[in-house]
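Notes for the one structure printed next.
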Amino acid sequence: MSSTHPTATRHRRNGGDLVVESLAALGARTVFGLPGQHALGVFDALRRSALRYVGLRVENNAGFAADAYARATHGVAPLLVSTGPGALMTLAALQEAAAGSAAVLAIGSQVPLAGLGGGRHGYLHELADQSASFRGVVKSVHTARTASQIPSAVAAAWESALSAPHGPVWLEIPQDVLLAEVDVPPVAQLDATPRELLPRPELIAAAASRLTRARRPVILAGGGVVRAGAEAELLALAEQLRAPVATTFGGKGAFPWEHPLSLRSWMEDRHTTTFLEDADTLLVVGSGLGELSSNYHTFRPRGRVVQIEADLGKLESNHAALGIHADARAALAALVKAVGEEGEVQEDHGPRDTGPAGEAGAEPATPEAAVAALLARVHDRIAGQELDLEQRILASVRDALPDGAVSCWDMTILAYWAWSAFDPRRSNALHSAQGAGGLGYGYPAALGVAVADPARPVLAVSGDGGAMYSIAELATARQYDLPVTWLIVDDGGYGILREYMTDAFGEATATELTRPDFVALAGSFGVPAVRTSPERLRTDLAAALAAPGPSVVVLPARLRMFAPTHLDA
């Protein structure tokens, strides 16, 4: 037996204990992960701690679960994995966490110290430079090479993950450091409070002046508003300015769906793009105006842009703006105060224009009327495409889902509909993989949300192709009795890729899939399952969500997307 293997002798505190003690001292209550040989020191230490461990069957799925747990709690989600293959299997999940600003603290083991430095020593799982694989994905990379470094390294990684913008970090610790006996007191207290990212006062003053003097101010709210918990400040500012508000797909729920100033989330719609372009001052909060938020980069603002963004790399990355590098909540709170001090919108600037509401020659209207006119045009565009089935299915899902419940969506056609047309009914209640766009997010993410709040049912939505990425996690759901209902829309293939290829090339290749009997397969895990139809979906889904523990609802259906508008721009 290798000298680095743990023995059966009486336990003495080691590096693994320092890891779990440090996490607990920083406020962690739950950790996700999957064990491996080099990481056994920290997994054994979990047995002696008060931390709750949730183990998944694939490291990538453990990462997705941690991602959604971090989003749901607005906190840090520790993720424990092993060296080499185990570590590398997390990369797709960490990419999504980076795109979605989820504070995942991934802690991986390493080969023993003697194997570090790039030599080829032949250790199991050995990589020439494991941390290099993570540097282009996560916010920061940390290493502890002695036991005494572990508490400070964990605290530094925690602070980095939780600093605005939130994001994933990577910390690695060699196997022998985790197993080495330590003769120091248990970790009792650590401070990793992130520095608050406050806006510069002169920029807030300039932004407030532009917004209060604008005739057609409009606000675009992104995921940064949700991550910062800035919904109340956004609502206050919009009502102060009487400014219409659109939310990006990542920002869904940041602004009340049914509010008379709500433009909702029709970001892949030319009418909405035009409305945003016609604003004389557009306030963009918590969005980098990337591909999906700009209707595939067809958005061309004609007025001034003010951008509030915590990620410095996204500030003015796509459009020139008055850039304010700040946390969304702090900046919006400061703007609310500054706009209040500026007073009411100047009456001597005349009535506000409707912008795109006047496309058909209508008289100038109120901002609320302009919003209603825009939504009517969007409705008419969709109504002309014979997409009743898709809209009925999405409405059935919405009707079946309790108002306080959270939904997690994989990369599937029904999710693409949900990005634009689904009302989450509260903030931070809809999570999807639209940041990095990898398959397999929906179900493990839902498990992570259920771990965060087991009192509420959670809905996961996948296509049959995406479901196969996560099917092993039915065992996880059953093991921990998590209240997750999994809706699998079974169309026999990668449906959205089938559409893309057919549109581009006339026929699809490599999109058709052999798949299992999902109902029977779920039953083999001890998870109740039912095959439904569009007509029975609302009833069957509501019953599954109301039942305790995990469940599966399979809907055989071939759905279509609404026509894109960016191709004609």
Item checked: Net length gained if the chain between residue 381 and residue 502 were fully extended (0.36 nm per residue, minus Cα distance) -> 41.3 nm
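With the cut-off at 1.5 for a/c, could you classify the stretch 402-451 from its C-alpha gyration tensor as rounded, prolate or oblate?
Oblate shape, in that a/c is at least 1.5 and b/c is the bigger or equal ratio.
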Check: Treating the beta-carbon of each Lys and Arg as +1 and of each Asp and Glu as -1, no other charges, what is the dipole magnitude of the stretch 210-354 about its Cα centre, to the nearest 20 debye?
Finding: 180 debye
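What translational D, rounded to a whole number of µm²/s, comes out for the stretch 102-185 from Stokes-Einstein when the hydrodynamic radius is the Kirkwood one over Cα pairs, at 10 °C and 1.306 mPa s?
On the way: Rh = 13.5 Å.
Rounded to a whole number, D works out at 118 µm²/s.
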Check: Once Rh for the stretch 463-504 is found with the Kirkwood sum over Cα pairs, what is the Stokes-Einstein diffusion coefficient at 37 °C and 0.692 mPa s, in µm²/s?
Finding: 276 µm²/s
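Over all directions, average the projected area of the Cα convex hull of the stretch 385-479 and note it in nm². Intermediate results must be reported in sequence, preceding the final value.
Values: hull surface 26.1 nm².
Computed as one quarter of the Cα hull surface, the answer is 6.5 nm².
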Notebook entry, point to check: If packing is taken as the mean number of other Cβ atoms within 10 Å per residue, what is the order of 12-23, 377-388, 149-160, highest first?
Noted result: 12-23, 149-160, 377-388
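Of all alpha-carbon pairs in the stretch 200-283, indicate the percentage at a distance above 17 angstrom.
Values: 1601 of 3486 pairs.
Of all Cα-Cα pairs in the stretch 200-283, 46 percent lie more than 17 Å apart.
What is the ratio of the Cα radius of gyration of the stretch 481-569 to 2.2 N^0.38 Å, with N the residue count, to two decimals?
Working: Rg = 16.3 Å, N = 89, 2.2 N^0.38 = 12.1 Å.
So the Cα radius of gyration is 1.35 times the expected 2.2 N^0.38 Å.
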Next item on the list: Would you please give the residues with an amide H less than 5 Å from that of residue 322, counting only those at least 5 places away or on a separate chain, with H modeled from the backbone geometry?
Entry: 305, 306, 307
Notebook entry, point to check: Residue separation times 0.36 nm, minus the C-alpha to C-alpha distance between residue 11 and residue 121: what's the value?
Noted result: 36.6 nm
Note to self: Can you give the local net charge around residue 530? Use residues other than it whose beta-carbon is closer than 11 angstrom to its beta-carbon, Lys and Arg +1, Asp and Glu -1.
What the structure shows: +1
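Hey, what's the per residue convex hull volume over the C-alpha atoms of the stretch 265-317, in cubic angstrom? Numbers along the way, then the final one.
Values: hull volume 3.8 nm³, N = 53.
Here the figure is 72 Å³ per residue.
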Note to self: Let me cross-check residue 337: its accessible surface, 1.4 Å probe, with only protein heavy atoms counted, in Å² to the nearest 10?
What the structure shows: 130 Å²
Notebook entry, point to check: For all pairs of alpha-carbon atoms in the stretch 132-236, what percent lies in each bin of width 5 Å, listed from the first bin to the last filled one?
Noted result: 2, 9, 13, 15, 15, 11, 9, 8, 6, 5, 3, 2, 1, 0
Item checked: Within straight-line cross-link reach of residue 314, lysines at Cα separation under 25 Å, skipping those fewer than 8 residues along the same chain -> 139, 252
Next item on the list: Kindly give the semi-axes, whole Å and largest first, of the ellipsoid equivalent to the chain, taking each as the square root of 5 times a Cα gyration tensor eigenvalue.
Entry: 42, 30, 20
Checklist line | Fraction of antiparallel bridges per DSSP, the chain only, in percent to nearest 5 | finding: 5 percent
Note to self: Considering all alpha-carbon pairs of the stretch 1-108, what whole percent are spaced by more than 21 angstrom?
What the structure shows: 34 percent
Check: Quick one: net charge of residue 453's neighbours, Cβ under 15 Å, K/R +1, D/E -1?
Finding: +3
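Name the shape class, rounded, prolate or oblate, that the alpha-carbon gyration tensor gives for the stretch 24-78, where a ≥ b ≥ c are the square roots of its eigenvalues, rounded holds for a/c under 1.5, and otherwise prolate holds if a/b is larger than b/c and oblate otherwise. All intermediate terms of the calculation are to be shown ahead of the outcome.
On the way: a/c = 2.51, a/b = 1.18, b/c = 2.13.
Note, shape of the stretch 24-78 comes out oblate.
The values are calculated or read from the model by the stated rules, or taken from the named source; none is laboratory data. Keep in mind the model is a prediction, meaning the values are calculated, not measured. Cβ: placed from backbone, ideal geometry, glycine included. Neighbour counts: every protein chain shown. Heads up: the accessible areas ignore ligands, DNA and RNA and are worked out on the full protein's heavy atoms, side chains in. Shrake-Rupley method; radii C 1.70, N 1.55, O 1.52, S 1.80 Å.
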